[in-house]
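What follows is a set of notes on a single structure, which appears directly below.
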Amino acid sequence: MSHKLVAEALGTFILVIFGCGAAVLMGDKIGMHGIAMAFGIGVIAAAYGLGAISGAHLNPAVTIGMVSAGRMPMGEAAGYMIAQVIGAVIAAALLWMIASGTAGYDISVNGLGQNGYGAGYLGEYSLGAALIFEFVMTFVFVTVILGATSAAAPAGFAGLAIGLTLAGIHLVGINVTGVSVNPARSIGPALFVGGKALADLWVFILAPLAGGIVAGVVYAAGLTRPDAK
């Protein structure tokens, strides 16, 4: 693997182990506010620690948004997305190993911070609500990323802006879907939890990718690009 792909895998690992780890290992102590901050801090850590290598996409929806914005070739993007999923799967596997080290943990009951919707999942929101939330929030997230990483943006603040945006999205929507806006983040836990998490996974692949693509198209059209005339 190239340095860029290693950085993407490691960065996505950091995001998932921080965010999903907070939900599984500390959720009952820090609550949804704490979980939201853990996801945001994970992005900030990866962005400043690894962003100079790969840009720290950490998310197939961000990568596909870069493609549709005209800022990345599809050939390179495919490698990024595979690396991101690998990093998320490794993080979920490690989290399962850690969580299993305490009495009473049951993956079928306690899970791995997987995403979901409907009966039995957090606020029990409908499929329609889940799709709308994931699409809109991914569109917002990728729009912020494209703007914060543009040449016209203040230098040095992109990681902070992106991390805080992700934390804000979690503050709004954890009770709706657990917040994906990131197919890799959803794939990792779902592969091990199985059942409903795996059955629901298509929502957290399709809606975020669609949101990312649309954000990129809008940016490429000049509507959200700061240097557009």
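The values are calculated or read from the model by the stated rules, or taken from the named source; none is laboratory data. All of these numbers come straight from a predicted model, not from anything done at the bench. Using ideal geometry, Cβ is built from the backbone for each residue, glycine included, and neighbour counts are taken over all protein chains shown. Just the protein is used for accessible areas: all its heavy atoms, side chains included, with ligands, DNA and RNA removed. Shrake-Rupley method; radii C 1.70, N 1.55, O 1.52, S 1.80 Å.
Could you count how many residues in segment 106-129 are more than 15 Å from the chain's Cα centre (by Cα) and either assigned to a helix (DSSP H, G or I) or small (G, A, S) (or both)? It would help to see each step written out before you state the result.
Initial filter on segment 106-129 (more than 15 Å from the chain's Cα centre (by Cα)): 106-111, 117-129.
Okay, now just the ones that are also either assigned to a helix (DSSP H, G or I) or small (G, A, S) (or both), so 107-111, 118-120, 123, 126-129.
Of the residues in segment 106-129, 13 are more than 15 Å from the chain's Cα centre (by Cα) and either assigned to a helix (DSSP H, G or I) or small (G, A, S) (or both).
Residue-by-condition table, conditions (1) among the hydroxyl-bearing types (S, T, Y); (2) more than 18 Å from the chain's Cα centre (by Cα):
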residue	(1), (2)
S2	yes, yes
G11	no, no
I14	no, no
G34	no, no
A61	no, no
V89	no, no
A92	no, no
W96	no, yes
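Table: residues versus (1) within 16 Å of I187 (Cα to Cα); (2) open to solvent by 10 Å² or more (accessible area, probe 1.4 Å).
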{"position": "I14", "(1), (2)": "yes, yes"}
{"position": "I17", "(1), (2)": "yes, yes"}
{"position": "H33", "(1), (2)": "no, yes"}
{"position": "Y48", "(1), (2)": "no, yes"}
{"position": "V62", "(1), (2)": "yes, no"}
{"position": "S68", "(1), (2)": "no, yes"}
{"position": "R71", "(1), (2)": "no, yes"}
{"position": "G79", "(1), (2)": "no, yes"}
{"position": "I82", "(1), (2)": "yes, yes"}
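Quick grid of which residues meet (1) outside any helix (DSSP H, G or I); (2) open to solvent by 10 Å² or more (accessible area, probe 1.4 Å); (3) among the small types (G, A, S):
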site	(1), (2), (3)
G188	no, no, yes
F204	no, no, no
G212	no, no, yes
D227	yes, yes, no
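If you check A190, A161, A210 for being farther than 30 Å from A93 by Cβ and modelled with pLDDT of 95 or more, only one passes: A161. The set of residues in segment 214-225 that are open to solvent by less than 70 Å² (accessible area, probe 1.4 Å), out of contact with any Leu (no Cβ under 8 Å at 6 or more places or on another chain) and touching a residue at least 24 places away in the same chain (Cβ under 8 Å) comprises V214, V218, A220. Of all residues in segment 51-60, those satisfying the criterion of being assigned to a helix (DSSP H, G or I), open to solvent by less than 30 Å² (accessible area, probe 1.4 Å) and either of a type outside the set (S, T, Y) or closer than 14 Å to S150 by Cα (or both) are G51, P60. Part of a helix (DSSP H, G or I), hydroxyl-bearing (S, T, Y) and either touching a residue at least 60 places away in the same chain (Cβ under 8 Å) or under 26 Å from I174 (Cα atoms) (or both): is that true of Y48 in this structure? So Y48 fits the description; yes.
Every residue in segment 119-139 that is hydrophobic (A, V, I, L, M, F, W, C), open to solvent by 60 Å² or more (accessible area, probe 1.4 Å) and at negative phi, please.
A119, L127, I132, F135, V136
Taking the criterion of being in contact with a helix residue (DSSP H, G or I) (Cβ under 9 Å, 6 or more places away or on another chain), open to solvent by 10 Å² or more (accessible area, probe 1.4 Å), among the hydrophobic types (A, V, I, L, M, F, W, C) and part of a loop (DSSP other than H, G, I, E, B), the residues of segment 144-185 that qualify are A153, F157.
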